[in-house]
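The values are calculated or read from the model by the stated rules, or taken from the named source; none is laboratory data. Please read all numbers here as calculations on a predicted model, not as lab measurements. Counting neighbours? That spans all protein chains shown, and the Cβs are built from the backbone with ideal geometry, glycine included. Areas reflect the complete protein model, heavy atoms only, side chains present, ligands, DNA and RNA absent. Shrake-Rupley method; radii C 1.70, N 1.55, O 1.52, S 1.80 Å.
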Number of protein chains: 2
Amino acid sequence: MMDFEERLEIDDFESEVMERIYSKPLLIKRVNTTSQIAIVGANVCPVESLDYEVPENELVNEDWRSRRTVQIFQYILLKWAFALIIGLSTGLVGIFNNIAVENIAGFKLLLTTELMLKHKYYKAFAAYAGCNLGLATSAAALCAFIAPAAAGSGIPEVKAYLNGVDAYSILAPSTLFVKVNVIGIIFGSIFGVAAGFVVGKEGPMVHTGSCIASLIGQGGSRKYHLTSRWLRYFKNDRDRRDLITCGAAAGVAAAFRAPVGGVLFALEEAASWWRSALLWRTFFTTAVVAIVLRGFIQLCSTGTCGLFGQGGLIMYDISAAKVEYSTPDILAVILLGVIGGILGSLYNYLVDKVLRTYSIINEYVTHSIIDPGPNGSVSAEEELLLRSYFCPNTDVSGNYKSFQCPPGHYNDLASLFLNTNDDAIRNLLSTNTVKAFHISSLFIFFVAVYCLGIITYGIAIPSGLFIPVILAGSCYGRLVGRLFEPISKLDVGLFSLLGAASFLGGTMRMTVSLCVILLELTNDLLMLPLVMLVLLISKTMGDMFNKGVYDQIVKLKGLPYMEAHPEPYMKHLIARDVVTGPLITFSGVEKVGNILHALKNTGHNGFPVIDEPPFSDAPELCGLVLRSKLLVLLKGKAFSNDRVLAGNKVLSKISELDFAKAGSGKGLKLEDLDIQEEEWDMYVDLHPIANTSPYTVVETMSLAKAAVLFRELGLRHMCVVPKSQGRPPIVGILTRHDFQPEHILGLYPHIRFQQ
Amino acid sequence: MMDFEERLEIDDFESEVMERIYSKPLLIKRVNTTSQIAIVGANVCPVESLDYEVPENELVNEDWRSRRTVQIFQYILLKWAFALIIGLSTGLVGIFNNIAVENIAGFKLLLTTELMLKHKYYKAFAAYAGCNLGLATSAAALCAFIAPAAAGSGIPEVKAYLNGVDAYSILAPSTLFVKVNVIGIIFGSIFGVAAGFVVGKEGPMVHTGSCIASLIGQGGSRKYHLTSRWLRYFKNDRDRRDLITCGAAAGVAAAFRAPVGGVLFALEEAASWWRSALLWRTFFTTAVVAIVLRGFIQLCSTGTCGLFGQGGLIMYDISAAKVEYSTPDILAVILLGVIGGILGSLYNYLVDKVLRTYSIINEYVTHSIIDPGPNGSVSAEEELLLRSYFCPNTDVSGNYKSFQCPPGHYNDLASLFLNTNDDAIRNLLSTNTVKAFHISSLFIFFVAVYCLGIITYGIAIPSGLFIPVILAGSCYGRLVGRLFEPISKLDVGLFSLLGAASFLGGTMRMTVSLCVILLELTNDLLMLPLVMLVLLISKTMGDMFNKGVYDQIVKLKGLPYMEAHPEPYMKHLIARDVVTGPLITFSGVEKVGNILHALKNTGHNGFPVIDEPPFSDAPELCGLVLRSKLLVLLKGKAFSNDRVLAGNKVLSKISELDFAKAGSGKGLKLEDLDIQEEEWDMYVDLHPIANTSPYTVVETMSLAKAAVLFRELGLRHMCVVPKSQGRPPIVGILTRHDFQPEHILGLYPHIRFQQ
């Protein structure tokens, strides 16, 4: 066993690297060495990496041999049953959420309009403002005090989880689930949406779906005896990942009633690993969601859901418009795409800035102080807007508000501002209604919504980005459509849809999934070529300036995300360059005291196990043992006084079942152990529990190639082995943190200027 | 350097494996050892594996360092330009194909009907039969004599290519491209479709798209000076794979006018590796296809394309039907799904049987003898059918044939049989036309089409499976709809769509892509939940009996396809168990004669390079060198008499550019070398050209884990290294063939009974 304080000798190391890079020797001081357990970025939340590797050792083989056909069948059946449960519950949450939002918003509006009709303008405004203020503060208070993890979109967190980063408070513990989900997300998003904030519900819905999936993935609760022997097969990161992917897909499907879009969203945006079996499972989940939604909508169409209106599976029906276009239309659409892409990436930039500002402010004050609700500066603006009304005829169908206008007329700005976001979008997308909105109203609304969307995203309530972006985008599109009226024959409603597409493409940077979601939202396949064109243009434009909004937020939150493409400078580094010491290894049969010492004094999660003479001819790497497994082994006291018989002790006391991974933050801890001092000199055999076939790379492999391997296989640890024989059989271990730009640039600060 | 005839000593090897599996020693004779170059299966066509690994060595690094920003920009720009070209040309081929089919079929029908109206029945029949016979034989003759590779669907071959199997005659050489594509596919499929065969055009279109992509991927032609220095970046398997994925997507998009469906088809069915960047590129390609199609359809709607009718982007419009359903409808749909799935898998079974029969027959006779054209037994049946006509009123819109009926009436069977497949499907999917087809007509047509589809697929003309399956399925669905009329309120047109979905799910086993393709074909999102339900059910049913039809054909063709999931018995084998000798290795600086000898006497494509004392302290694995690179090195005569200076020689004579991979079958061959006998004793340095960081696995890794790694990384060679030190640094090399069940079961015939 190596000395714990021993560091790998890395003399002349830095200059060697620099030589490789610049092809001439350089002398640069190493600046600082981030330790393997340090959290990258500003936020200091406990982050754990997930491990999607299939370990192999005696216990695992034993476990495999013991699985009978019926158990394998059970496992497959359960996978599908879980997918069904996720679909059902996400669908139910979605429909409940929708009904509540529509009812609260409807009630609020009824109250206001009634007062308006009686010409009690100030009372009406007070009622409207009061409602909003009350709803907003309760949503915010619930979130801030009970479930802070529920704030924001949730999609970046889900995305990070599926990339292999488990931030404790995000998804996992079932107690938090109740808070996050039932209280936080549902009430938060309901109140938020109903309070007239420019917030979407798809982020919270994705988060909800993932929380449900995560709860199921816990495999029940041993504490409450709510578990079963056959749930244990799900107690690993791989199966949980699959469940949470299904959950994310179900969330989008429920938010937009877009089942195929949900699958594609999970594939394109959320997931980092994908396999075709998963495609089928997510598809099943979203099909269940679609059926649940459809059933409830049919039920509600009989009027049993209060103010919840009639709605098909399609939210915004634009099929009334004739889709015919020629060259000038296409030129107009291209221009729309270019500007939309730029505005979308500006949106990302501003959201990023606002979030950074909030994170500073949030340190002393709760968000309620900066609540952009109706009593703040925005409400003054809103008040102003409410008074500058126009009253066109209601010669068009749609949810128009007559607000202070004579019967048969409506107020166009009020139809945008006083509606729920959904209805406002529906109005904006309405076709054959060229003159329905004044250009000035559209412009005012566009500016207001664009700013409000950015400001609102940062506050602590759960909120999505889709709806605000669609709202701003469709307003922008309609505006462009009005401006291009002289030269383009396309309906302004269709321009509105294309505007929404351009904004979505510019912020989210998705393609196929957005396309399908928009199709499913509008039920108009004839627009497909134009929507594709706009999405391509706006994504290209956006990519020139910055990253997609979710990637930005992941980065802002300091989550160690593994990018699909390695950075260019990684080509010039080799695996050995970023391995940081001290490397701690165990012997195949190790003393209990040494293990305890290592567990106490380091934060490492993986330790190489090395057999040394006289137990082997030369030192050889037996495998990699995980901290969690060591803790189980120590807890089970599988010790022996005899060095040779220690293995039998382990096999007799421990089975693979004991290693089932608990929910995040719930596993065994060092403090749970109760090891007497006289046991410190006993032996424990690590062979049966070590992963005997960890993935290895040779030390001279380029870091870029190693990073691709690491990400494609979803690893937590990757062993770096020496090129030449006669040296210790392992050079070091690469983890997720070693691939982070912060770590590498910390080691080699001059590398940034290369490339 | 090891002796070439030397084999690895593997005493007691078999019994050791059996011991691990059965936990008791067994004595079994090894049956036969498939060599690494043997072709698995019956077909003996030259198959080469593709290599998606990024090699690393001095030359590659030099190449990377020399790439300037402008070159990287060029590369990116070219990728998109290529996607554009693929989209444009596939779109053009698609539209040309469509116009030709419609015109030929229209002309044929005009001729027949005219004669009919003059009551010249026999002449009419003779004209019809003559047309068909002529078209069919010319299609078949063209294929059989000019481009035999163009026969069949093409999708299995594209699928195998994207899995990493390059069968020479399938995609690559540009000379064949002309034959396969221009003559074979286009004429073949046009004549086939127009001849009244039950064939689809999506398979040939996918093949066409891939051929175009492959031609582009060749990076021009050095022979005709049609290449450029910056095309060289595409001369590798990775970039070609991406291009061909785009091509496959474009093919589906062009065949069905379904751009999103095309992307999903490429993702779900065609591709074995996927990354999100590819999603965007395929999306771009299919968007181009959609725009091209749309443009031409608008052009043709003015009547400039002869008999090519008016058609939007949507092929079968069923939006006229009201989509409302209740419990009995859903039960009917579930039953439809179950039976459809069973019939679909039966279809697969029969196609497999028919193909096996044909492959025997094809050995002596050309297909024309078994041509099921109008003069064979089928035409007699057809004749019979033509006479049993009914003449309902033409109170419905659609492409109905009045065939021998008074004006204002039509013949329902003729409307199915005498139409192009597309029009027949359109008639079957027509909504609000319950009584349009007699049940008996539907039944006769269903049986005929089901059988014809199976028989036709095997003959030598290029043909797809989608259209025949949709045709049979929609007929089956309409039949079920008619039978369920008393209890179900769903329109028979919708039943027809669901029937098509169930057949597709039962044969192809795709989910999301089929769903989207059907949506794009019919423009009806309201049917989405039902279509999803049917697809799920029929896929589940089908999976119980056999594999998807494309997988079956891939297997039948004997292509060494790597499955996504390893077989269960692979869990019980380790990597060392399937490595077969003799392993041939080279020294870091090797004699020319030894290399020549190795290249001549083995078929291996990868050779480990090992540095031995005194050049290193202990034997160490430097890397893996490929046959193709060795040939380039020998051709370039980068030899030296001095062992130490050999490396400089290589670096001065060879650059990474020289290793650009030629089109398949076109690379350097051993016969192209001209090495004098006196050069045999000269030295050549393999370090600069060997891949210094090949992926390695330790010999004790389970075969299942190794197979997953192999497939996920898209490897051609995987090095197996010993667990313990002091042995030769490499145990063997795993290739695609070593993972094939035939190979493993050849080594361990008793393993089959386990599990």
Item to check | Members of the stretch B:56-102 that are under 30 Å from B:Lys653 (Cα atoms) and of a type in the set (Asp, Glu) | outcome: B:Glu56, B:Glu58, B:Glu62, B:Asp63
Checklist outcome for this item: Scanning the stretch A:230-265 for residues that are within 11 Å of chain B (Cβ to nearest Cβ) and either open to solvent by 10 Å² or more (accessible area, probe 1.4 Å) or part of a helix (DSSP H, G or I) (or both) gives A:Ala249, A:Ala253, A:Arg257, A:Pro259, A:Val260, A:Gly261, A:Gly262, A:Val263, A:Leu264
Checklist entry - How many of the residues in the stretch B:664-705 are of a type in the set (Lys, Arg) and open to solvent by less than 20 Å² (accessible area, probe 1.4 Å)? => result 1
Next on the checklist: Can you report the number of residues in the stretch B:484-507 which are among the hydrophobic types (A, V, I, L, M, F, W, C) and at pLDDT below 90?
Outcome noted: 5
Next on the checklist: Residues that are touching a strand residue (DSSP E or B) at 6+ places or on another chain (Cβ under 7 Å), open to solvent by less than 20 Å² (accessible area, probe 1.4 Å), within 30 Å of B:Ala290 (Cβ to Cβ) and modelled with pLDDT under 80: does the stretch B:96-112 have at least one?
Outcome noted: no
Checklist entry - Looking only at residues in the stretch B:651-665 that are within 24 Å of B:Val165 (Cα to Cα) and in a loop (DSSP other than H, G, I, E, B), which one is farthest from the other protein chains (Cβ to nearest Cβ)? => result B:Gly665
Checklist entry - If the Cβ limit is 7 Å and pairs must be 6+ apart or interchain, which residue in the stretch B:537-549 that is acidic (Asp, Glu) pairs with which residue that is surrounded by 22 or more Cβ atoms within 10 Å (Cβ to Cβ) and modelled with pLDDT under 95? => result B:Asp543/B:Arg509
Checklist entry - In the stretch B:243-298, what residues are modelled with pLDDT of 90 or more and of a type in the set (Phe, Trp, Tyr)? => result B:Phe265, B:Phe283, B:Phe284
Checklist entry - Somewhere in the stretch A:456-464, is a residue open to solvent by less than 10 Å² (accessible area, probe 1.4 Å) and modelled with pLDDT of 85 or more? => result no
Checklist entry - Counting only residues that are more than 10 Å from chain A (Cβ to nearest Cβ), more than 17 Å from A:Trp280 (Cβ to Cβ) and touching a residue at least 60 places away in the same chain (Cβ under 8 Å), how many does the stretch B:266-287 have? => result 1
Checklist entry - For the stretch B:631-653, how many residues meet the condition of being open to solvent by less than 10 Å² (accessible area, probe 1.4 Å), at pLDDT below 80 and either within 35 Å of the chain's Cα centre (by Cα) or farther than 27 Å from B:Thr696 by Cα (or both)? => result 1
Checklist outcome for this item: Output for Cβ contacts, cut-off 8 Å, separation at least six or different chains, first residue closer than 22 Å to B:Glu612 by Cα and at the interface with chain B (Cβ under 8 Å from one of its Cβ atoms) in the stretch A:715-734, second open to solvent by 30 Å² or more (accessible area, probe 1.4 Å) and of a type in the set (Ser, Thr, Tyr), reads A:Lys723/A:Thr700
Checklist entry - Among the residues of the stretch B:706-720, is there at least one that is open to solvent by 30 Å² or more (accessible area, probe 1.4 Å) and over 25 Å from the mean Cα position of the chain (by Cα)? => result no
Checklist entry - Out of all the residues in the stretch A:637-650, is one or more in contact (Cβ under 8 Å) with a residue 60 or more places away in the chain, part of a strand (DSSP E or B) and more than 14 Å from chain B (Cβ to nearest Cβ)? => result no
Next on the checklist: Could you go through the stretch B:616-624 and let me know if any residue there is in a loop (DSSP other than H, G, I, E, B), under 30 Å from A:Glu56 (Cβ atoms) and within 13 Å of another protein chain (Cβ to nearest Cβ).
Outcome noted: yes
Next on the checklist: Please go through the stretch B:612-630 and give me each residue that is farther than 18 Å from B:Ser640 by Cα and open to solvent by 20 Å² or more (accessible area, probe 1.4 Å), ordered by number.
Outcome noted: B:Glu612, B:Pro613, B:Pro614, B:Asp617, B:Ala618, B:Pro619, B:Glu620, B:Leu621, B:Leu626, B:Arg627, B:Ser628
Next on the checklist: Taking the criterion of being more than 14 Å from chain A (Cβ to nearest Cβ), at pLDDT 80 or above and surrounded by 16 or more Cβ atoms within 10 Å (Cβ to Cβ), would at least one residue in the stretch B:323-337 satisfy it?
Outcome noted: yes
Item to check | Test: A:Gly209 is open to solvent by less than 20 Å² (accessible area, probe 1.4 Å), modelled with pLDDT of 80 or more and of a type outside the set (A, V, I, L, M) | outcome: yes
Checklist outcome for this item: Within the stretch B:696-713, the count of residues that are in contact with an Asp or Glu (Cβ under 7 Å, 6 or more places away or on another chain) and either in a strand (DSSP E or B) or closer than 30 Å to B:Ile654 by Cα (or both) comes to 2
Checklist entry - Can you find a residue in the stretch A:675-688 that is free of Cβ contacts under 8 Å to residues at least 40 places away in the same chain and either within 14 Å of chain B (Cβ to nearest Cβ) or assigned to a loop (DSSP other than H, G, I, E, B) (or both)? => result yes
Checklist entry - If you take the residues of the stretch A:585-613 that are modelled with pLDDT under 90 and part of a loop (DSSP other than H, G, I, E, B), which of them is nearest to the chain's Cα centre (by Cα)? => result A:Asn605
Next on the checklist: If I go through the stretch B:503-517 residue by residue, how many of them are closer than 11 Å to B:Val549 by Cβ and within 11 Å of another protein chain (Cβ to nearest Cβ)?
Outcome noted: 2
Next on the checklist: Whether any residue in the stretch A:537-550 is within 11 Å of another protein chain (Cβ to nearest Cβ) and hydrophobic (A, V, I, L, M, F, W, C) is what I want to check.
Outcome noted: yes
Checklist entry - Since B:Lys539 meets every condition but one in (1) under 19 Å from B:Leu428 (Cβ atoms); (2) open to solvent by 10 Å² or more (accessible area, probe 1.4 Å); (3) touching a Gly at 6+ places or on another chain (Cβ under 6 Å), which condition does it not meet? => result (1)
